[in-house]
Amino acid sequence: NQCGSSLVQAIDAPLPLVWSILRRFDNPQAYKQFVRSCTLSAGDGGIGSVRQVMVVSGLPAATSMERLDRLDDDTHVMMVSIIGGDHKLVNYRSITSLHESGSEEGNDGGKTVVVESYVVDVPAGNSKEETRSFADMIIGCNLRSLARVTEKLAHV
Ligand SMILES: O=C(Cc1cc(C2CC2)c(-n2cc(CNC(=O)c3cnc4ccccc4n3)nn2)c(C2CC2)c1)NC1(C(=O)O)CCCCC1
């Protein structure tokens with residue numbers, strides 16, 4: 001019994017800049033505010049790498065083991081799976097993609113649209129709606145933070 005959804009965020013920064021931040025599997029804390037620390041326990045940040053994430057959430061902080069399933073520098077698509085940790089997000093898989101917004105001619109002055117979709121098991125004792133809103137709330141924060149971080153860099 002799984003649930004999931006897709007979230008969209010418009011960013012006023014060029015796609016290559018947004019991708020340069022998003023693609024760093026070893027440094028999610030560059031924009032994810034709930035992430036306290038991240039260390040690679042396998043790989044060098046490329047496909048197949050595994051990271052150990054510590055998050056700031058209640059007591060004790062939760063940990064998460066995550067694998068980079070796909071990282072495509074041509075199509076700007078990144079896929080990550082949660083493969084362990086002391087939390088209830090079982091079989092969590094996400095796919096995040098970047099798209100240039102604006103007309104084909106000019107890229108509308110360098111704007112980007114991020115689309116992030118996920119699926120996750122609904123924990124026993126929780127409903128689909130609760131689970132979806134739990135994940136949506138955190139992902140929404142992450143995408144707004146990615147916009148803030150990259151727009152700041154783009155408009156220095
Ligand atoms: O951003 C983050 C960092 C991140 C990662 C984690 C878990 C270690 C994996 C957590 N967390 C989760 C928990 C323990 N509660 C659950 O497990 C959990 C699961 N079902 C639920 C369903 C309904 C209600 C409550 C639920 N409660 N304690 N901490 C946080 C919380 C906000 C502080 C943030 N994670 C995502 C990312 O994009 O990286 C986006 C969100 C989805 C996972 C991937």
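Just so you know, all these numbers are worked out from the coordinates, no wet-lab data involved. Predicted model, so just to flag it, every value in this text is computed and none were measured. Heads up, the Cβs are rebuilt from the backbone with ideal geometry, glycines too, and the neighbour counts pull from every protein chain shown.
Here are a few things to note about the model shown:
- Against the chain, whose longest principal axis comes from its Cα atoms, helix 128-154 is set at around 40 degrees.
- ³J(HN,Hα), Karplus 6.51/-1.76/1.60, whole Hz, each residue of segment 67-79, x for Gly, Pro: 10, 8, 8, 7, 8, 10, 6, 8, 9, 6, 10, 10, 10
- Quotient of C-alpha Rg and 2.2 N^0.38 Å, computed over the chain: 1.05
- Where labels lie 7 Å past Cα in the beta-carbon direction, separation of GLN29 and SER97 in nm: 3.2 nm
- Unit charges on C-beta of K, R, D, E only; dipole of the chain, Debye: 580 debye
- Charge tally for PHE25 (other residues, Cβ to Cβ under 11 Å; Lys, Arg +1; Asp, Glu -1): +1.
- Among the GluC sites (Glu not before Pro) found in segment 37-139, those both in a DSSP coil and sparsely packed, with 12 or fewer other Cβ atoms within 10 Å of their Cβ, are GLU104, GLU105.
- Cα lying deepest toward the dipole's positive end in the chain, options ASN1, VAL114, MET54, charges on Cβ: MET54
- Placing R0 at 41 angstrom, the Cβ-Cβ distance between GLU151 and SER127 gives a FRET efficiency of 0.70 after rounding to 0.05.
- Magnitude of the charge dipole for segment 1-53, about its Cα centre and with charges confined to Cβ atoms of Lys, Arg (+1) and Asp, Glu (-1), is about 120 debye.
- Straightening the chain between ASN1 and ASP69 buys 22.2 nm, computed as 0.36 nm per residue apart minus the Cα-Cα spacing.
- Sum of side-chain charges, LYS152 neighbourhood, beta-carbon under 14 Å (Lys, Arg +1; Asp, Glu -1): 0
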